[in-house]
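Taking it in order: structure first as structure tokens, then the write-up.
FYI, it's all coordinate maths here, none of it is from the lab. It should be emphasised that the depicted structure is a prediction, and the values quoted were computed from it without experimental measurement. Virtual Cβ from ideal backbone geometry, glycine too; neighbours counted across all protein chains shown.
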Amino acid sequence: MNFDVDFALSTLPAFLVAVGVTLQVGLIAIATSLCVALINAAIAVFEVPVLRRLVRIYVELARNTPLLIQLFFIYFALPSIGLRISGFASAIIAMTFLGGAYLTEILRAGVAAVPRSQIESGLSIGLSRWQLLRHVILPQAGILSLPALFANFVFLLKETTVVSAVAVPEILYTTKNYIALYYKTYEMLAVMTGLCVLLFVPLSLLLRVVERRLQHGQFGS
């Protein structure tokens, strides 16, 4: 079978739009997941027993159910009780639910790695729990957690392929549409693979550089 280069090139404008959707979904999900993780880290620092148990239940539930099932529940099951959510919003909610759990565990480990003596010293000089969290715990926990955080950022971006199941027009959804319409399977798979490599490999390398610079305090120096 001949590879139709002209057809593959003609689809690039549509795929560039799909890349934009992929980045939009992924970056929003990363931001919201990080917010969830920061809230859960604060709950861990403030040691509120009931809330800590709820966070533990949430983390176990999110990490032990597939993203596709979470997505289907939000998009297909919730309308049965009157909650109709668009595909895009369902994608953000499902990815935040999953990503927030993973980032919570990463930050929890980072918080636990902060020496207890520093926390006790902060309390002894009159710092409040909020001040400790902001000025002592989170800066150190964040630096310690950078490798795992950045790895999970890339993981969440790659997970955007799942949201094609609820008609969000990202890269995989666009690929399937062109295959269904024109039966150009090899061409579309090649375009999709090439775009994913061009998108995710440089991003992974960039995050690795940022991680090293942050860990060695080279930004802002």
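Residues that are without any contact (Cβ under 8 Å) to a residue 40 or more places away in the chain and either aliphatic (A, V, I, L, M) or exposed (fewer than 13 other Cβ atoms within 10 Å of the Cβ) (or both) within the range 153-175 comprise just one, LEU172. Among all residue pairs at least 6 apart or on different chains, which show Cβ distances below 7 Å where the first residue, located in the range 12-33, is more than 18 Å from LEU149 (Cβ to Cβ) and the second is among the charged types (D, E, K, R)? Every condition considered, the pairs that remain are ALA18/GLU170; VAL21/GLU170; THR22/GLU170; VAL25/GLU170.
Every residue, every condition in (1) closer than 25 Å to HIS216 by Cβ; (2) among the polar types (S, T, N, Q), yes or no:
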{"position": "VAL59", "(1), (2)": "no, no"}
{"position": "ASN64", "(1), (2)": "no, yes"}
{"position": "LEU83", "(1), (2)": "no, no"}
{"position": "ALA94", "(1), (2)": "no, no"}
{"position": "ALA112", "(1), (2)": "yes, no"}
{"position": "ARG116", "(1), (2)": "no, no"}
{"position": "SER128", "(1), (2)": "no, yes"}
{"position": "PRO139", "(1), (2)": "yes, no"}
{"position": "ILE143", "(1), (2)": "yes, no"}
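In the range 94-108, is there at least one residue being among the aliphatic types (A, V, I, L, M), more than 19 Å from LEU61 (Cβ to Cβ) and in contact (Cβ under 8 Å) with a residue 40 or more places away in the chain? Scanning the range 94-108, I find no residue that is among the aliphatic types (A, V, I, L, M), more than 19 Å from LEU61 (Cβ to Cβ) and in contact (Cβ under 8 Å) with a residue 40 or more places away in the chain, so the answer is no.
Those helices (runs of 4 or more DSSP H) of the range 1-115 in which 1 or more residues are over 20 Å from GLU170 (Cα atoms) occupy 5-10, 12-46, 49-63, 87-113. Among the residues making up the range 190-209, those that are among the hydrophobic types (A, V, I, L, M, F, W, C) and either surrounded by fewer than 13 Cβ atoms within 10 Å (Cβ to Cβ) or not in a helix (DSSP H, G or I) (or both) are VAL197, LEU198, VAL201, LEU205, LEU206, VAL209. Of all residues in the range 36-58, those satisfying the criterion of being aliphatic (A, V, I, L, M), closer than 14 Å to ALA101 by Cα and without any contact (Cβ under 8 Å) to a residue 12 or more places away in the chain are ILE39, LEU54, ILE57. Would the range 74-81 turn up any residue that is more than 22 Å from ARG53 (Cα to Cα) and either touching a Ser or Thr at 6+ places or on another chain (Cβ under 7 Å) or buried (at least 16 other Cβ atoms within 10 Å of the Cβ) (or both)? Scanning the range 74-81 turns up at least one residue that is more than 22 Å from ARG53 (Cα to Cα) and either touching a Ser or Thr at 6+ places or on another chain (Cβ under 7 Å) or buried (at least 16 other Cβ atoms within 10 Å of the Cβ) (or both).
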